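All remarks here apply to the structure that follows.
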Ligand code: HEM
């Protein structure tokens, strides 16, 4: 009987302590308004609702609390969301040791288990993208252009006159994977179907398996996580394709020094130049970085391009102007990076499509690492350890940022650039596809702005110019844009959406 009493009082004490802790943390955030939940079971009822109705709940929060912080329930915690240029600017300029992108990714993608702890501990692959990839774009452009041209040619496999109805997203995934890997690992591997399947599937494996691991209690994650993660298998497959090539490069470097004669100009070489820890100069470490960079590059680029083609076929009147612009630039400069720089309308069309279509209503997650929490200028404090998101869509559709924000205006940004050129004789540099701002967050902004955006913009512009010059496109059903696919907070272009492709007839 005494034992039973002891057990009951222990349980009661634990419950009380948990309740007190919850009350204490709830009190600290009570001044921050909550959306879609109230009462003692708020986490659970609201959390389930958020799983299925996240876009509506974020929209409701942005409507009611624009320019402020609000919170949304997840199953076991609150997440915080901000909108409005002042708070966005404060978040994107906060240092990494205060608001951390790496920690947020470690949490949401279970990076240590799914991709390996070194990816966030020593991100030299990001430096290689930021510096070497960007600097080499002009020099490597002929390869990018060839790959785009042959990828469309082979994958569409069109007769001279007949059209074909094609599912767009999987096609664009292949084109983006081939083009990006032409730069990363070169021919012939960038056309090897088994390798392409690996780099496309890697992102899906990491994201899905991270979700499964997150469902486990935290003490079980390091024990069972390695069995759920497919990391070792992916690395093994990557080594099968890239191992001999990377070994050869490392050997050449050992024998002849870092600038050995005939050294290829590709991402493998740039990674070897950027690696600063000797332990990481190994085949498996480099394969892991190549997979991680593919993960950042392929699904993003193919989604943006699929959205853009759905826009082009929904508003076909843009085709003539885009075609003329591309032909004129190519006639003058050939298929070069210089020609792409002249394609302001194509640049603007893609930027507008990015403004209106995204991968969800929030982006740019950060975890608060300052033990004191993160304090905004309006005095709201987000507690240590919590996750902060930016309501990027609210900024893209805010009348404070754009005239008629709900209207697709493909030349919105090129018109501004041209107006400026006419009036002041100088260009307007914040309206380019690669320009980021608190009003345009498709590539993030400030500290962690996407370092791959220069490559992405080069590929996307070259792909769009190539398609309008060489193909006729039309919607499957005239005037109907395939609706987006929504998975909780994540939105992707319709995976079954089809378009008609035909070789250009006149
Ligand atoms: C249209 C295609 C792309 C889009 C829309 C996109 C978008 C983004 C966004 C929104 C971020 C996060 C910014 C933040 O949280 O503050 C990001 C980060 C990143 N992106 Fe991209 N990206 C694209 C293509 C690429 C490509 C092609 C590469 C690589 C070659 C790349 C590499 C990265 C890396 C390494 C980061 C992390 C940066 C950091 O941790 O500081 N991205 N990207």
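A few points about this structure:
- In the stretch 357-374, of all residues being in a strand (DSSP E or B) and more than 8 Å from the ligand (Cβ to nearest atom), the one that is farthest from residue 51 (Cα to Cα) corresponds to 374.
Residue-by-condition table, conditions (1) touching a helix residue (DSSP H, G or I) at 6+ places or on another chain (Cβ under 6 Å); (2) at pLDDT 85 or above:
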| position | (1), (2) |
| --- | --- |
| 52 | no, no |
| 62 | yes, yes |
| 71 | no, yes |
| 80 | no, yes |
| 84 | no, yes |
| 90 | no, yes |
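- Inside the stretch 165-204, residues that are in a helix (DSSP H, G or I) and over 16 Å from the mean Cα position of the chain (by Cα) make up a count of 20.
- The single residue among 277, 206, 283, 287 that is surrounded by fewer than 16 Cβ atoms within 10 Å (Cβ to Cβ) and closer than 22 Å to residue 120 by Cβ turns out to be 277.
- Check on residue 403, assigned to a loop (DSSP other than H, G, I, E, B), at pLDDT 95 or above, away from the ligand (no atom under 16 Å from the Cβ) and under 13 Å from residue 348 (Cα atoms): no
- Filtering the stretch 339-372 to residues that are out of contact with any helix residue (DSSP H, G or I) (no Cβ under 8 Å at 6 or more places or on another chain) and over 27 Å from residue 490 (Cα atoms) leaves 341, 370, 371, 372.
- Residue in the stretch 74-89 that is in a helix (DSSP H, G or I), touching a residue at least 24 places away in the same chain (Cβ under 8 Å) and buried (at least 17 other Cβ atoms within 10 Å of the Cβ) present: yes
- Residue in the stretch 375-392 that is farthest from the ligand (Cβ to nearest atom), counting only those that are touching a helix residue (DSSP H, G or I) at 6+ places or on another chain (Cβ under 8 Å) and either within 17 Å of residue 468 (Cβ to Cβ) or not in a loop (DSSP other than H, G, I, E, B) (or both): 381
- The residues of the stretch 242-286 that are more than 27 Å from residue 142 (Cα to Cα), assigned to a helix (DSSP H, G or I), over 25 Å from the mean Cα position of the chain (by Cα) and touching a residue at least 24 places away in the same chain (Cβ under 8 Å), listed by number, are 280, 283.
- Residue list for the stretch 220-234, filter: part of a helix (DSSP H, G or I) and either within 15 Å of residue 186 (Cα to Cα) or without any contact (Cβ under 8 Å) to a residue 60 or more places away in the chain (or both): 223, 224, 227, 232, 233, 234
- Some residue of the stretch 328-340 being part of a loop (DSSP other than H, G, I, E, B), surrounded by fewer than 21 Cβ atoms within 10 Å (Cβ to Cβ), more than 15 Å from the ligand (Cβ to nearest atom) and at pLDDT below 95: no
- Within the stretch 465-496, being within 16 Å of the ligand (Cβ to nearest atom), surrounded by fewer than 23 Cβ atoms within 10 Å (Cβ to Cβ) and not in a strand (DSSP E or B) holds for 484, 489.
- Residues in the stretch 438-450 that are out of contact with any strand residue (DSSP E or B) (no Cβ under 8 Å at 6 or more places or on another chain), part of a strand (DSSP E or B) and either modelled with pLDDT under 95 or near the ligand (Cβ under 8 Å from one of its atoms) (or both): 442 alone.
- Residues located in the stretch 192-203, provided they are buried (at least 16 other Cβ atoms within 10 Å of the Cβ) and free of Cβ contacts under 8 Å to residues at least 24 places away in the same chain: 196
- Among the residues of the stretch 303-311, none qualifies, meaning not one is away from the ligand (no atom under 15 Å from the Cβ) and in contact with a helix residue (DSSP H, G or I) (Cβ under 7 Å, 6 or more places away or on another chain).
- Taken over the stretch 406-418, the criterion of being assigned to a loop (DSSP other than H, G, I, E, B) and either more than 26 Å from residue 309 (Cβ to Cβ) or in contact (Cβ under 8 Å) with a residue 12 or more places away in the chain (or both) is satisfied by 408, 409, 410, 411.
The values are calculated or read from the model by the stated rules, or taken from the named source; none is laboratory data. Keep in mind the model is a prediction, meaning the values are calculated, not measured. We place every Cβ from the backbone using ideal geometry, glycine too, and count neighbours over all the protein chains shown.
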